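First the structure, in the form of structure tokens, and then the observations on it.
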Amino acid sequence: MSAEHFRVGLLGHGTVGSAFAALLHERADEIERFNGRRPVISGVLTRTRGSFEEILAQADLLVELMGGIEPARAYLLAAMHAGKDVVSANKQLLSQHGEELFDTARERSVRLRFEAAVAGVVPVVRVLEESLSATPIERIHGIVNGTTNFILTEMARGASYQEALADAQRRGFAEADPSDDVSGRDAAAKMAILARLAFGTPVHLDEVRYEGIEHLRGDDLEYARELGLGLKLIGTAERRDGGLSVRVHPAFLYAGHPLASVSGPFNAVTVESEAITEITISGPGAGGRQTASAVLGDVVSVMTGGARPPAPPLSLPLIEDVQSAFYLHLEMADRPGVLAAVTRVLGDQGVSIKSVVQRGLGENARLVMVTHPVLESHLRAAVEQLRGLEFVRSEPRTIRVIEEEFV
């Protein structure tokens, strides 16, 4: 007697969609043995074939891998209103219209799964929704974009930014237009989603402050190595001063930090809580088959009844001005009194220095320092004053430094 079919309607058949369809076919026997039902693709919608209405009517679950906002949003809402569970890898949609989708899932008592939207095969969504659902989270931060992590890894090995980006494109880790990745917007969308899961507070993509990696230079990495630091693009969501801070930016890490050793196109997320101290989960973050694997995991979770709709939202105020240590790079003329003038400007804004490296003499000297933690607004005010000093030869460069080490 043949097993009952679990019918999956597939919206989108590009890189990830075709990889998902192939993976589902490969794993169908194993899933059937585990679950008692056999997953099958019951219909595929692309720009040139398929009818959404027919696919919806024939499916037990809808998988959305189209990307973009519309018509993906309309299709997911229609599916949930029809009582169908849905799976999506669409981070932009979830970060901009997540509350509408979450509210609909709750109202219709259907499942909305989106593991692949956040960190590739790293199961952080499932950990937050299930394993740590009753644990008060203090901070969640990590490397949630495999493309930028690959580029920074190659730059640390001596490649220029352009060389590393071209290599990432050749290997399929970066799109032909990599702007969402290298600007930090992709990571910001993922952190908006994770902030909602970890802290119950709706965070829209536009509320996440983010910086990318386009402005970074190889000499920053060289000086950082002398100071015992490595560079990553870090997304953070954490409780601060009774509110919530959500941000994405390049950051230097000391070797003892669990994210410091994560290299290449890998993602890793660290979750911190008084109850658990910290846990770190890592795995591949870039690639069609890796994303497809996370999508298939969501499908199997729905088949086995895991993860009900998200709880109603809370409301924590968003905090923008937070403390951090900073790396500060100054190109300047080395003259008597220059160092005293720099330290005076920093001291006036409450910025104290932890370590300093100086290179060169005469008109082309460089001063590189790491500060103790200071409010970002104070550091920015100091940089604005340094920018106006006549002996400073170019725009001062700043990069955040995460001081914590877990050893």
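Overview of results
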| quantity | calculated |
| --- | --- |
| Rg to Rh, two decimals, where the range 3-162 supplies the alpha carbon set and Rh follows Kirkwood | 1.02 |
| Set of the range 214-232 residues, backbone N closer than 17 Å to the point 7 Å along the Cα-Cβ line of VAL357 | 216-232 |
| 0 to 90° range, to nearest 10: angle between helix 185-199 axis and the chain longest Cα axis | 70 degrees |
| Cβ crowding within 10 Å averaged over residues, with 340-348, 115-123 ranked highest first | 115-123, 340-348 |
| Cross-link reach list, lysines versus LYS91, counting only Cα pairs under 30 Å and skipping chain neighbours closer than eight places | LYS190, LYS232 |
| Value in Å of the Kirkwood radius, where the range 122-180 supplies the Cα pairs that are averaged | 13.6 Å |
| LEU318 long-range amide H proximity, modeled H, under 5 Å | LEU244 |
| Contact order normalised by residue count of the range 52-184, Cα under 8 Å, 6+ apart, percent | 15 percent |
| Candidates PHE391, PHE252, PHE173, ranked by Gaussian network fluctuation over the chain, Cα under 10 Å, top entry | PHE391 |
| On Cα atoms only, tilt of 338-348 relative to the major axis of the chain in degrees | 60 degrees |
| Fully extended contour minus Cα-Cα distance, from THR280 to LEU389, at 0.36 nm per residue | 34.9 nm |
| For VAL87, distant residues with modelled amide H under 5 Å away | LEU62, VAL63, GLU64, ARG113 |
| Candidates ARG239, ARG335, ARG126, ranked by Gaussian network fluctuation over the chain, Cα under 10 Å, top entry | ARG335 |
| Histogram of C-alpha separations across the range 160-311, 5 Å bin width, % | 2, 7, 13, 19, 21, 18, 11, 6, 2, 1, 0 |
| Alpha-carbon centroids, the range 118-153 and the range 172-228: separation in whole Å | 13 Å |
| Radius of gyration and Dmax over the Cα atoms of the chain, both given in Å | 23.6, 90 |
| Mean separation of Cα contacts under 8 Å, 6 or more apart, over the residue count of the range 6-119: relative contact order % | 25 percent |
| Long-range amide H partners of ILE234 with built H, under 5 Å | HIS249, ALA251 |
| For the range 87-144, the Rg and Dmax computed from alpha carbons only, in angstrom | 12.2, 34 |
| Orientation-averaged projected area, Cα convex hull of the range 333-397 (nm²) | 4.1 nm² |
| Mean separation of Cα contacts under 8 Å, 6 or more apart, over the residue count of the chain: relative contact order % | 17 percent |
| Antiparallel DSSP beta bridges within the chain, as percent of all bridges there, nearest 5 | 65 percent |
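Every number here is computed from the coordinates shown, using simple stated rules; none is lab data. Small disclaimer: the values here were computed from a predicted structure and weren't measured. Note: ideal-geometry Cβ built from the backbone for every residue, glycine included; neighbour counts use all protein chains shown.
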